[in-house]
Amino acid sequence: MTRYFCLDEPELFELETSVVAAEPGRVRLERSPFYPGGGGQLPDRGRLQWSGGEVAITGFESDGSGIWHVLAEPVTPSDAVIAAVDRPFRQLMRELHTDLHIVNALVYQGFDGALVTGVQMNEDGTARIDFDLPEADNERLKSLEGAINDVIRQDLPVRETHVGADEAFDEPGLIRSRSVTPPPTADGKIRVVEIAGLDRQACGGTHLASTGASRPLRILKIDNKGRHNRRLRIGLDGA
């Protein structure tokens, strides 16, 4: 896994950088402030500006040479460019991803270490998270809404660190997904996101600096998806 610039500099939304490779409709940058998506989180949106024009970035493609930024038009910018992230969209993804960690923590603690089987964040301010919970009471799950919003109101700090891959697998509860593990960085480390006093788990996405930066959250619906899966649908107030 590439160690994304946006994870090391989460508050930097505009960056002057250089084009290192270009083809009509896509470029690779020396440094990029964009999160390309993954783990159920949608990729960033934004624009590329240079002396000859401006173009929207519509997606990202990865190959052995790095991340390509897919452009809305078949242009080939070169030399110095300014890469600008869509801040409101990034903020939305940060809120949803942090709130899903809160949901994950409370379910893990309250339902005998239930593991995640799937996650998806949406551009309309909703998200879903699936758990392996064959015997769960849906009303008990629904009642977690108050505790979730209490964590948001407490404004707990959200921090990150990196640990060795062996250490990550040896630490109980650090890996929460039944089928997906965040890939190690080039130096063999796993990124860990911690909500102070509440949760600590491996994750490769973008998050808030503290839980209080999120809007209140609602549990919209709980679905039974097969004999084992429970799907919690959540939504941000006002989204």
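Assorted remarks:
- One residue alone among 110, 40, 64, 46 is under 23 Å from the mean Cα position of the chain (by Cα) and closer than 30 Å to residue 131 by Cβ, and that residue is 40.
- The set of residues from segment 117-131 being of a type outside the set (Ser, Thr, Tyr) and at pLDDT 95 or above comprises 119, 120, 121, 122, 123, 124, 125, 127, 128, 129, 130, 131.
- Matching residues in segment 197-239 - criterion: being in contact with a His (Cβ under 8 Å, 6 or more places away or on another chain) and among the polar types (S, T, N, Q): 201, 206
- The residue list 123, 135, 160 contains one member that is among the charged types (D, E, K, R) and free of Cβ contacts under 8 Å to residues at least 12 places away in the same chain, which is 135.
- Filtered residue count, segment 72-125, keeping only those that are outside any helix (DSSP H, G or I) and hydroxyl-bearing (Ser, Thr, Tyr): 3
- Residue count, segment 1-47 (criterion: in a loop (DSSP other than H, G, I, E, B), under 24 Å from residue 125 (Cβ atoms) and of a type in the set (Gly, Ala, Ser)): 3
- Selection of segment 187-227 for residues being among the basic types (Lys, Arg) and under 27 Å from residue 33 (Cβ atoms) yields 189, 191, 200, 215.
The values are calculated or read from the model by the stated rules, or taken from the named source; none is laboratory data. Note that the coordinates shown come from a computational prediction; the quantities given were computed from them, not determined experimentally. Please note: Cβ atoms are built from the backbone with ideal geometry, for glycine as well, and neighbour counts cover all protein chains shown.
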